[in-house]
Amino acid sequence: MNRYFLSAGRILSALQSGFVSLLRLWSIPIVLMLTVASGYTTYYGMSRFITDWIALIITVAVQSIIVICSLEIATIHWRANRSRYFLVSIALLASVCVSVTFSYFKFYEISQTETLRIQKLSTLQRSIDEFLDRIYASKTSILAEQRDKLNQAKHDTNLAYMGKHPDMAPGYANLVGKGVFWKYFNDIAKAKKADLAELEAKFITLDQSIGQLRQTVRLLDLDSARSQEEYQVVLTQFSSVQKSFDELVTSQGRRSVSAPILPPYEKFIQTITPSFSMWEGFSWFAFVCAAMVDFFTIILSHRLESNAPGAMTDSEQELAYHCLRQFSEFRINPNDELEISIEKNQIEKARRYPDWMRLFGTAFLLNKGFLRRVNTRSVEFSPNLYSVFAKVMNDQAARTDRVIPPSDQADLGENESFDNIVKRMSRG
């Protein structure tokens, strides 16, 4: 039964290792895709301010620095080399700031496109409504003025009939009836009444055109397939209303009201042009999206380097194992990792112990990413190194069992090394 549980555990362990290795393998193309995505948005925003080819070069440099610095930070322990860690962090922060700043413009455009489209429609409707309101105000004023003139003409006609008009000659004063003066003022009143009726008829026609214009603007939809035709109808009706009103106002000796300038369809539907004024209407959604891409790039790049995916050959594993075995001071540090002191102890210094071999092995594993520097005097294991050493130690134990019979292993010294065992067996 124990054998079956052991086999199941090994299978589960193999599946876990394979799954983790697959995830690490997928991290490489994911980092590349995130870098390309971030580079595209950065280039899009930057190319709106500088020449395209310069923006492309700067974008490539910025994205490269982000990935390189993320990988570099994973191999630096801040307590071991604070100045280098600080400089790399500053370079990474500056690159991220540049990337996020210019990527923000693209995400702002994407997130605010619908809002800006609604704002454009609202602005168009509001400007047309304000113009039509000014037309109505001017219309009311003109009609009121014409009615006042008509009432004044009627009043003059009544005074002329009663013979009390101040402009009548003394010989006609106080003569009641339809005389010459009455006929003159009565003709003026009739002309004023006809002018008012004609003006009201023209304003009724104008009101009908205004009603059609309001209805067309209200039904305008930029998302429909006929949006360009609908917008063209709005422009045509607006021009017709403006022209008709200008003719009416000019005929009355008045100045026309100011009209808004409606842009052509291509200009009206044009997307926003990136500018630093976008930061005034700050969008948290666009900022988070811009920062999220670079954040994931940094996290995956850092994780990719801190857990070295590369493997060592059998000879390199043996070399690393024998080199690190020569150190004598080990401990479990607060990170729950095996920490090794790489400096000579007092006895080794006194004996002038040559430590070139073990220092070479340490530098080899540091460059491979299997060791991490803790400070100037010690290093710690990376997670991948434990499985490597476990395999080597297991092979060593298997060879020991084959070379030395179990009955003789009880006589071995507790601290006797494998090399001494082999030498003693060869001499025997």
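Listed residues ARG24, ARG48; which is closer than 20 Å to CYS97 by Cα, surrounded by 13 or more Cβ atoms within 10 Å (Cβ to Cβ) and at pLDDT 65 or above?
Going through ARG24, ARG48 in turn, the sole match is ARG48.
Read through the list (1) surrounded by fewer than 17 Cβ atoms within 10 Å (Cβ to Cβ); (2) modelled with pLDDT of 80 or more, then give the number of the only condition that ALA311 fails.
(2)
Quickly run through segment 133-164 and pick out the residues that are in contact with a helix residue (DSSP H, G or I) (Cβ under 6 Å, 6 or more places away or on another chain) and touching a residue at least 24 places away in the same chain (Cβ under 8 Å).
Correct list: ILE135, LYS139, GLN146, LYS149, LEU150, ALA153, LYS154, ASP156, THR157, ALA160.
Among the numbered criteria (1) modelled with pLDDT under 85; (2) within 24 Å of TYR40 (Cα to Cα); (3) surrounded by fewer than 16 Cβ atoms within 10 Å (Cβ to Cβ), which one does ARG84 miss?
That leaves (2) as the condition not met.
On the given criteria, is LYS154 in a helix (DSSP H, G or I) and either in contact with a strand residue (DSSP E or B) (Cβ under 9 Å, 6 or more places away or on another chain) or at pLDDT below 85 (or both)?
yes
Can you tell me which residues in segment 111-131 are of a type outside the set (Lys, Arg) and within 15 Å of LEU220 (Cβ to Cβ)?
To start, the set of residues in segment 111-131 that are of a type outside the set (Lys, Arg) comprises 111-116, 118-119, 121-125, 127-131.
ILE118, GLN119, LEU121, SER122, THR123, LEU124, GLN125, SER127, ILE128, ASP129 - these are the residues of segment 111-131 that are of a type outside the set (Lys, Arg) and within 15 Å of LEU220 (Cβ to Cβ).
Sort through SER70, SER47, SER38 and tell me the only one that's in contact with a His (Cβ under 9 Å, 6 or more places away or on another chain) and either assigned by TED's automatic domain parsing to the domain that holds PHE287 or basic (Lys, Arg) (or both).
None of the other options fit; the residue is SER70.
Table: residues versus (1) within 36 Å of the chain's Cα centre (by Cα); (2) in the same structural domain as MET292 (by TED's automatic domain parsing); (3) farther than 30 Å from SER244 by Cβ; (4) modelled with pLDDT of 85 or more.
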site: VAL100; (1), (2), (3), (4): yes, yes, yes, yes
site: TYR108; (1), (2), (3), (4): yes, yes, yes, no
site: LYS120; (1), (2), (3), (4): yes, no, no, no
site: LEU124; (1), (2), (3), (4): yes, no, no, no
site: SER127; (1), (2), (3), (4): yes, no, no, yes
site: ILE135; (1), (2), (3), (4): no, no, no, yes
site: LEU143; (1), (2), (3), (4): no, no, no, no
site: LYS149; (1), (2), (3), (4): no, no, no, no
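Out of the strands (runs of 3 or more DSSP E) lying entirely within segment 333-428, which hold 1 or more residues that are out of contact with any Leu (no Cβ under 9 Å at 6 or more places or on another chain) and either closer than 19 Å to ALA74 by Cβ or modelled with pLDDT under 80 (or both)?
Here the list reads 338-341, 378-381.
The values are calculated or read from the model by the stated rules, or taken from the named source; none is laboratory data. As the structure is a computational prediction, the values presented were derived from the model and not from experiment. As a convention, Cβ positions derive from the backbone with ideal geometry for all residues, glycine included, and neighbour counts pool all protein chains shown.
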